[in-house]
Amino acid sequence: MTASASFDRYAVIGNPVGHSKSPFIHGRFAAQTGEPIEYVPLLAPVDAFVPHVRAFIEAGGRGLNVTVPFKLDAHAFADTLSPRAAAAGAVNTLRVGADGVYGDNTDGFGLVRDIEVNLGVSLKGARILLLGAGGAARGVVLPMLERGPHTVTIVNRTSAKAEALVDQFAPAARDAACRLSGGSARAIEAGVYDVIVNATAGSLDAALPECDDRAFGSGTLAYDMMYGAQPTVFMEYASKLGARSADGLGMLVEQAAESFHVWRGVRPSGAPVLAELRALLAAPSRA
Ligand code: ATR
């Protein structure tokens, strides 16, 4: 697709950004929905997010996805924020409008939709264990609570960060009638969890976050937000304990679908694009 006045322009901004699958995903969504969009990668120096975004907008850009390391910069840049972006403290989606730049965060929605729709596991009434308390974890707590789980336990290597998240989301948990608690691995409750999400950065260097084997059972979905051609160490560990495991490729596709919806008001179907990406990941020479 070439640039044209009849196409609305979108981009993913990051550093690095060359590896991003977002242009592929949004290209497929555009073809699927017939929406006239053009979507390109935009590399910005780590200290030059704002001038690059401003230049993109001045050139007619209508919206951006924001990836590492700019999600906090985007949060500061947005004129208005969605409640889920405010709760996450980070923005992955910017929409340019007549009334300014709107910042949203679709990551948590993407995770929840992948778990519920693609993997078929309802979070309503579920016992959820969330491993990690960094930006990735913080971004998913509110969308999880909105699904009405029975329990959410947040566990982190640095327990104070898990406790801070519990404090932050206590009002939302009360509204959802959900039992929210957390701290170190000692905060893990007795009994098997329905869903265990690895939101730590551990998989990047093949490190397993501290957990408790007894939390995993045959009815557990163990979800790693990371993905790759091979299962992560967390997925392998969970499989050995008899749990079903999944990686974060579906979350990537579903957060993109939600961003597309934020921009265009049209919701593309994630499942066929996820299947195509999965096949490409398994056969990288064709990617
Ligand atoms: P992100 O935005 O990806 O969440 P982050 O804010 O740096 O990145 O948070 C990284 C998370 O992974 C944290 O929960 C971190 O634990 P600490 O708060 O104790 O640092 C966790 N993490 C990173 N490496 C880990 C490891 N090897 N084992 C366990 N947890 C790890």
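The values are calculated or read from the model by the stated rules, or taken from the named source; none is laboratory data. All values derive from a computational prediction rather than experimental measurement. Cβ sites come from the backbone with ideal geometry, for glycine too, and all protein chains shown count toward neighbours.
Yes or no: L131 within 19 Å of I188 (Cα to Cα) and touching a strand residue (DSSP E or B) at 6+ places or on another chain (Cβ under 7 Å)?
Details: within 19 Å of I188 (Cα to Cα): yes; touching a strand residue (DSSP E or B) at 6+ places or on another chain (Cβ under 7 Å): yes.
Considered against the rule, which asks whether it is within 19 Å of I188 (Cα to Cα) and touching a strand residue (DSSP E or B) at 6+ places or on another chain (Cβ under 7 Å), L131 comes out as yes.
May I ask you to verify whether D224 is assigned by TED's automatic domain parsing to the domain that holds R127 and surrounded by 24 or more Cβ atoms within 10 Å (Cβ to Cβ)? Break it down stepwise before answering.
On the way: assigned by TED's automatic domain parsing to the domain that holds R127: yes; surrounded by 24 or more Cβ atoms within 10 Å (Cβ to Cβ): yes.
Here the answer is yes, as D224 does meet what is asked.
Okay, residues lined up against (1) farther than 17 Å from L119 by Cα; (2) touching a helix residue (DSSP H, G or I) at 6+ places or on another chain (Cβ under 9 Å):
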position: V195; (1), (2): no, yes
position: N198; (1), (2): no, yes
position: A201; (1), (2): yes, yes
position: D212; (1), (2): yes, yes
position: G219; (1), (2): no, no
position: M225; (1), (2): no, yes
position: P231; (1), (2): no, yes
position: F234; (1), (2): yes, yes
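Scanning region 247-262 for residues being out of contact with any helix residue (DSSP H, G or I) (no Cβ under 7 Å at 6 or more places or on another chain) and surrounded by fewer than 23 Cβ atoms within 10 Å (Cβ to Cβ) gives a total of 2. As a summary of the residue check, G191 satisfies the conditions (1) buried (at least 18 other Cβ atoms within 10 Å of the Cβ); (2) away from the ligand (no atom under 16 Å from the Cβ) except for the one numbered (1).
For region 260-287, taking the residues that are in a helix (DSSP H, G or I) and touching a Leu at 6+ places or on another chain (Cβ under 9 Å), the one that is farthest from N105 (Cα to Cα) is identified as R286.
Is there a residue in region 159-174 that is more than 22 Å from A86 (Cα to Cα) and crowded, with 18+ Cβ neighbours inside 10 Å?
Quick first cut of region 159-174, residues more than 22 Å from A86 (Cα to Cα) only: 159.
From what's left, crowded, with 18+ Cβ neighbours inside 10 Å: none.
For region 159-174, residues more than 22 Å from A86 (Cα to Cα) and crowded, with 18+ Cβ neighbours inside 10 Å: absent.
Exactly one residue out of G27, G34, G61 is within 30 Å of E276 (Cβ to Cβ) and either surrounded by 19 or more Cβ atoms within 10 Å (Cβ to Cβ) or modelled with pLDDT under 95 (or both): that is G61.
Of everything listed in (1) among the β-branched types (V, I, T); (2) in contact (Cβ under 8 Å) with a residue 24 or more places away in the chain; (3) assigned to a helix (DSSP H, G or I), the single unmet condition for V192 is (3). Total residues in region 14-49 satisfying the condition of being in a loop (DSSP other than H, G, I, E, B) and free of Cβ contacts under 8 Å to residues at least 24 places away in the same chain: the figure is 4.
Give the number of residues within region 203-252 that are aliphatic (A, V, I, L, M), within 23 Å of S122 (Cα to Cα) and in a loop (DSSP other than H, G, I, E, B).
Result for region 203-252: 4.
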